[in-house]
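Any read-out appearing in this document is the output of simple, stated calculations on the displayed coordinates, not a laboratory observation. Not measured: the values here are computed from a predicted model. Because the Cβ atoms are built from the backbone with ideal geometry, glycine has one as well, and the counts that use them run over all protein chains shown.
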Amino acid sequence: MSMKVIPYGRQDITQQDIDAVIKALTSDFLTQGPTILEFEKKFADYVGAKYAVAVANGTAALHLSTMALKVNSQSKVITTPITFAATANCVRYCDGEVVFADISPETVVLDVDKVAALLKASPKGTYQGIIPVDFAGYPVNMEKFRALADEYGLWIIEDACHAPGAYFTDSKGQQQWCGNGVFADLTVFSFHPVKHIACGEGGMITTNNKELYDKLMVLRTHGIHRDPAHLNENHGGWYYEMKELGYNYRLTDIQSALGISQLANANERMKRRRAIAERYDRAFAKAGIALAAPGKGIGHAYHLYIIQVNNRKALYDKLREKGIYAQVHYVPVHTMPYYQGLGYKKGSMPVAEAYYDKCLSLPMYPTLTDEEQEYVISVILANPQ
Ligand SMILES: *Cc1c(COP(=O)(O)O)cnc(C)c1O
């Protein structure tokens, strides 16, 4: 008999989701129809932003964002080494230079003090932007990054691929939702099946900036303008102009229908993720292997639940043997061979590298049952950590 595998993350597709996709398949539009707009509107409402642009995946969302903010070979952009490679790669797509700053050991997100030190050490104008990541679903304090960005004239792209539905509490006591456009210029999300909302592939960019919104809409479809107000000439109803180099980074109506249906259950699934995290926290309190629980006023989205252990490889292998497929997030980006080839060195980000040596992501998804979670906990506690 084959053992049932418990992965670190997985999608939850309901009959309602299936019905929504079938309805989309039998409608007039498979792509470029009205469902995309509906998804954009509903997602913007969900995170509290004015505008949302649906795109093919989270990586496309990042690429369009660096394009819209005019990253080029003169640009230096600061980001964290503890993220998926795409966060840094989007700067390279536009020939910009990635500058890594180390993480905070408590929160595992980009350390605002280290970024401040970096900015202070160079003349103003050296850097163009910052890309903080709401790693694991922990919401970065974007108010602090905004203050720094304003001081140095930088833009902010928030990579919230782990954090739809997360919030922090600002200095005025207001809950600020990831992607609400208050502090970040652009925020990107992913709808890959391991993320909170599954579209198969999919992504979203949210903003409160109308100019950036218009730019993204055009870049998403080849740089083509159709609005007569924006055309240099007009030969008739068929006429359009390609005015800049864009891409086909569109999401389909089929995927949007799935996204809308998934979004309807997002709050319920978030509750379940938080309940699972609490149960892990309680179980591991004595062993002292969990990351610090988020402080008051922090709405953690728990894309990942991470422990830190000295015997990481042995525990990973043991879990695997027991049908539990834990993961590691992430191998620090600056140590990837591609980035080492560009001159980045192992040893340059000591906090991130020490974190990487010990981190392990445990199963965390809404359909993980209590029994499965108990099993995961018992295997971990029965082995040396
Ligand atoms: C998943 C992810 C991406 C990329 O999203 P895709 O939809 O897979 O292209 C970017 N950044 C982070 C932090 C992610 O987790």
Distance violations [Cα-Cα > 32 Å] among K50/K76; K76/K346; K76/K215: none
Exposed-loop-free span, longest in the chain, where chymotrypsin sites (Phe, Trp or Tyr not before Pro) count as exposed if DSSP calls them loop and at most 12 other C-beta atoms lie within 10 Å: 1-237
At most 15 other Cβ within 10 Å, DSSP loop - GluC sites (Glu not before Pro), segment 86-154: E106
Positive dipole terminus of the chain, leading residue within A147, T87, Q373 (C-beta point charges): Q373
Under 19 Å from the Cα of K243 - aspartates and glutamates, other chains or at least 8 residues apart: E211, D214, D227, E233
Per-pair calculated FRET efficiency, R0 = 51 Å: V21 and L231 via Cβ, rounded to 0.05: 0.90
Tilt relative to the chain, helix 210-220 - C-alpha long axis, 0 to 90 degrees, to 10: 90 degrees
Cleavage-rule hits, trypsin sites (Lys or Arg not before Pro), segment 28-125, DSSP coil, Cβ neighbours within 10 Å at most 11: K124
Nearest-ten-degree value, helix 34-47 long axis tilted from longest Cα axis of the chain: 50 degrees
Share antiparallel - DSSP beta bridges, the chain, percent rounded to 5: 65 percent
Acute angle (nearest 10 degrees) that the helix 253-264 long axis makes with the longest principal axis of the chain, alpha-carbon atoms: 50 degrees
Options L342, H303, L315, ranked by Cα towards positive dipole end of segment 266-381, top entry (Cβ charges): L342
